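Report on the following structure.
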Amino acid sequence: MIVIGVVVLDQLTKVWVIAQLSDAPLPIVGDDVELRLTGNSGGAFGLFTNATIVLAVLAIVLSVVLARAVRRARDRWSVVALSLVLGGALGNLLDRLFRAPGFLRGEVVDYVRVGSFPSFNVADSAITIGAILLIVIALRTPADGTPTEPAR
């Protein structure tokens with residue numbers, strides 16, 4: 001359900017942003033936080049802008065690997081973290097598959113701008129939160145792989 005929720009929320013916000021912000025950005029907190037429609041043909045932080053097809057194929061492979069990892073995960077937090085990353089990957093993959101300029105070359109719709117930080121979207125946020133959760137889980141798991149019980 002988390003995966004579907006992230007994908008649906010991501011795509012609905014992108015549809016709204018395209019419809020509402022194509023003419024001008026929407027300031028939220030002065031010039032520091034705004035919603036501004038941006039197309040990203042590259043990866044995170046605008047890297048690899050000329051490798052959209054490669055990024056799309058990698059996203060497909062990563063999505064398959066993540067789907068298998070979600071099904072194999074045993075603890076609740078790992079399922080949540082992996083589901084957030086998978087939902088975000090699928091949300092951005094849909095853009096690469098179906099948005100202009102065409103199949104496997106589409107630009108990811110980014111729209112949240114905070115200061116000078118690169119613009120991002122719901123999918124990017126889900127990926128980031130999921131990755132942070134995975135790091136926390138890894139740091140809390142002993143070397144033998146047994147889950148750590150929460151302190152009482």
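Here, each number is a calculation from the coordinates, and none is a lab measurement. Computed from a prediction, not measured in an experiment: that's the story for all the values here. Please note: Cβ atoms are built from the backbone with ideal geometry, for glycine as well, and neighbour counts cover all protein chains shown.
Helix-only mean residue ellipticity at 222 nm, the chain, DSSP H runs n ≥ 4 weighted -39,500 (n - 2.57), per residue, nearest 500. What is it?
My calculation for the chain gives -18500 deg cm²/dmol from helical runs alone.
Give me the dipole magnitude in Debye, nearest 20, for the chain about the Cα centre, with unit charges on the beta carbon: positive for Lys and Arg, negative for Asp and Glu.
Magnitude of the dipole: close to 620 debye.
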Q: Give the long-range amide H neighbours of F48: residues separated by 5 or more places, or on another chain, with amide H under 5 Å away, using H modelled in the peptide plane at 1.01 Å from N.
A: G43
Q. Once the dipole of the chain is set up with Lys and Arg at +1 and Asp and Glu at -1 on Cβ about the Cα centre, which of L58, G30, V70 lies farthest towards its positive end?
A. V70
**Q.** segment 33-152: radius of gyration and largest Cα-Cα distance (Dmax), Å
**A.** 16.3, 54
Q) Which ³J(HN,Hα) values, rounded to whole Hz and listed in residue order, are derived for segment 123-135 from phi using the Karplus coefficients 6.51, -1.76 and 1.60 in 6.51 cos²θ - 1.76 cosθ + 1.60 with θ = phi - 60°, glycine and proline given as x? A) 4, 4, 5, 5, 4, 5, 5, x, 5, 4, 4, 4, 5
Q: Taking the dipole about the Cα centre of segment 30-139, with the C-beta of Lys and Arg at +1 and of Asp and Glu at -1, give me whichever of N40, I135, A100 is farthest to the positive side.
A: I135
(Q) Explain nothing, just compute: Karplus ³J(HN,Hα) = 6.51 cos²θ - 1.76 cosθ + 1.60, θ = phi - 60°, for every residue of segment 80-89 in order, whole Hz, x for Gly and Pro. (A) 4, 4, 5, 5, 4, 5, 5, x, x, 4
